[in-house]
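Working notes, structure below.
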Amino acid sequence: MREIVFDTETTGVFPDHLEVELRDRIVEIGCVELFNLERTGREYHVYLNPERSVPDEVVRVHGLTRDFLVQHRKFAEVADEFLEFVGDAPLVAHNAAFDQGFLNAELRRLRREPHPAERFVDTLMIARKRFPGASCSLDALAKRFQLDRYGFDLTARKGAGGHGALIDARILAEVYLQLKGGREQRLAFDPVEVATESTTVRAVQFARRQPRATPLAPRLTAEEEAAHATFIGGLGPNALWLKTGS
């Protein structure tokens, strides 16, 4: 099954603020394509001009200033290519309601159809069910699953500007895989999966080898046979060789 793991960076937390000029906007989108929980290598990444200021406290999180962002396209200019990339695949996000709210706010501004809630897969909810009472932030899950073993620089995320939509989407893709059973799940032999992928299931059959027409001549010398007989004779009448040997 095809799925899109995605993340957004924004100017704040209020995409539907009552005052239009204070409505927060998306400044970065990162997407990672999965097929049957495996990364295909296809990704989508774009920086966006939010058409408004970017608060300093937000810049300290993702490092994206207004001066940098005004050089990039607006959401209206990338909407078609973004929607073409995601297609009709489920959208996987951490705290999906946040990203869903911003994405749908951008689509509504363009009078496009917003994505329904049932299309989103929330990894935060999955993690909370699996680890009740534990911290389930993306950083905490990345540490729990030791993603640094797979080349992710988790320490860099702690500094100013350490968050980015594409790197977070890549981390989330690995976290999602772990939440769904881990890398070892591809080694499991699911009878249902095998039945669907194979049209014919046959039992293993062993072909019986036919005896030689002429037995091979023994390779023992007369001296070796005599030495063996002397050795067996010294084992006594209850020696196992006398019961099983020849």
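The values are calculated or read from the model by the stated rules, or taken from the named source; none is laboratory data. For clarity, every value in this text was computed on a predicted model and none was experimentally measured. Because the Cβ atoms are built from the backbone with ideal geometry, glycine has one as well, and the counts that use them run over all protein chains shown.
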Of all residues in the range 154-166, which are surrounded by 12 or more Cβ atoms within 10 Å (Cβ to Cβ) and either modelled with pLDDT of 90 or more or not in a helix (DSSP H, G or I) (or both)? L154, G161, G162, H163, G164, A165, L166
Could you please let me know if P132 is exposed (fewer than 12 other Cβ atoms within 10 Å of the Cβ), modelled with pLDDT of 95 or more and within 21 Å of G30 (Cα to Cα)? no
Note on the range 1-26: residues aliphatic (A, V, I, L, M) and touching a strand residue (DSSP E or B) at 6+ places or on another chain (Cβ under 6 Å) are I4, V5, I26
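Restricting to helices (runs of 4 or more DSSP H) lying wholly in the range 11-108: which have 3 or more residues that are without any contact (Cβ under 8 Å) to a residue 12 or more places away in the chain? Explain how you work it out, then say what you get.
Values: elements: 56-62, 66-69, 75-86.
The helices (runs of 4 or more DSSP H) meeting that bar are 75-86.
Tell me the residue from A142, A169 that is outside any strand (DSSP E or B), within 18 Å of the chain's Cα centre (by Cα) and farther than 19 Å from F82 by Cα, please.
On the way: A169 fails: farther than 19 Å from F82 by Cα.
Of A142, A169, the one residue that is outside any strand (DSSP E or B), within 18 Å of the chain's Cα centre (by Cα) and farther than 19 Å from F82 by Cα is A142.
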